[in-house]
Structures are given as structure tokens and as C-alpha cells.
Amino acid sequence: MIHYNVVAAVVCHNGKYLCMQKGKTKFEYTSYKWEFPGGKIEPGETPQQALARELMEEMEYPVEVGEELVTVNHEYPDFSITMTAFLCTPKAEADGFKRREHADSKWCSQEELKGLDWAAADVDVVRILL
């Protein structure tokens, strides 16, 4: 089974968290699920560098990568991931990003996080925030 090391940005602004909805993916179990934005760590990158790069590539969104929140290991049916989530703050306007790869986005309070259909690996991050 293929394994990926990935990072996720838990972007917080005015007490709300940035939640991104995936579009249609290769796998039904990840399609249209909500997630914290991020992506794969490339060889030679630190997790923090990977996270800053991914948010610029996917969203043109500069963030300040802060402290590590949690590392989650999750096995999906076709692949597994080790995902490290970092608390982040926007460097520009909070809504100043472009959705290049996501179907939707919203800023959610802690209570509102419970109402989203999260990607399985992100569920553990949500639990930490609650």
C-alpha cells in the first residue's frame, strides 16, 4: 500500500477555522469531503515549507505556519497517510485566497465544525479542536 507524508493547515482567524471542500476525486470515499488545506511533503522540504508551498500553489494564500497541533496516521482503502496539522494564521486578507482545487470553502466556529462531512483523516484534527 502506498504511503504519503502530508501536512494540513488549521487556519484560524477571528475564532473561526478555514474549511475546504474537495471536489470529485479518484476515490468515492474522499470526494466532496471537507478538509483542512495542505498536501504532500516533497523530498528536501520541511513540513512547514511544504505547507506554505501547498497553500500558495492551491490557493495563492500566504500563511504564517505556527505550532504543530497533531499528527494523525490514517489508512484509507487504497493508501495510507501520516498527516501533521499546524496552526496557521493568514498573512493577508482572511478571505484573500483563490479556490483552485476545492469545490467550496467556509469559515466555521468550533460548533460548526461538527456539521461538516470530513475526510476521515481530518476527523481526528477536528476532535482536537473541539
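The values are calculated or read from the model by the stated rules, or taken from the named source; none is laboratory data. No experiment lies behind these values; they were computed from the predicted model shown. Neighbour counts are summed over all protein chains in view; Cβ atoms, including those assigned to glycine, are modelled from backbone coordinates with ideal geometry. The accessibility values were calculated without ligands, DNA or RNA, using every heavy atom of the protein model including side chains. Shrake-Rupley method; radii C 1.70, N 1.55, O 1.52, S 1.80 Å.
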Q: Convert 10 °C to kelvin, take the viscosity as 1.306 mPa s, use the Kirkwood radius over C-alpha pairs of segment 87-128 as Rh, and evaluate the Stokes-Einstein diffusion coefficient in µm²/s, rounded to a whole number.
A: 129 µm²/s
Q | the chain pair-distance distribution - Cα-Cα, 10 Å bins, rounded % | A | 13, 48, 36, 4, 0
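Give the accessible surface of the chain per residue, rounded to a whole number of Å², with probe radius 1.4 Å and ligands, DNA and RNA excluded.
53 Å²
Once you have the Cα-Cα distance between S105 and I2, take 0.36 nm times their residue separation minus that, and quote the gain in nm to one decimal. Before the final figure, lay out the partial values.
Numbers: separation 103, 0.36 × 103 = 37.08 nm, distance 2.85 nm.
Roughly 34.2 nm would be gained on extension.
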Q. Using the Cα gyration tensor of segment 1-54, with a ≥ b ≥ c the square roots of its eigenvalues, what is the shape: rounded (a/c below 1.5), prolate (a/b larger than b/c) or oblate (neither)?
A. oblate
Q) Relative to a virtual label point 7 Å from the Cα of Y29 in the Cα→beta-carbon direction, which members of segment 83-121 show backbone nitrogen distances below 14 Å? A) 119-121
Q. Lysine pairs in the chain with alpha-carbon atoms under 14 Å apart, 8 or more places apart or on different chains: how many are there?
A. 10
**Q.** Accessible area of the chain belonging to carbon and sulfur atoms, whole % at 1.4 Å probe
**A.** 47 percent
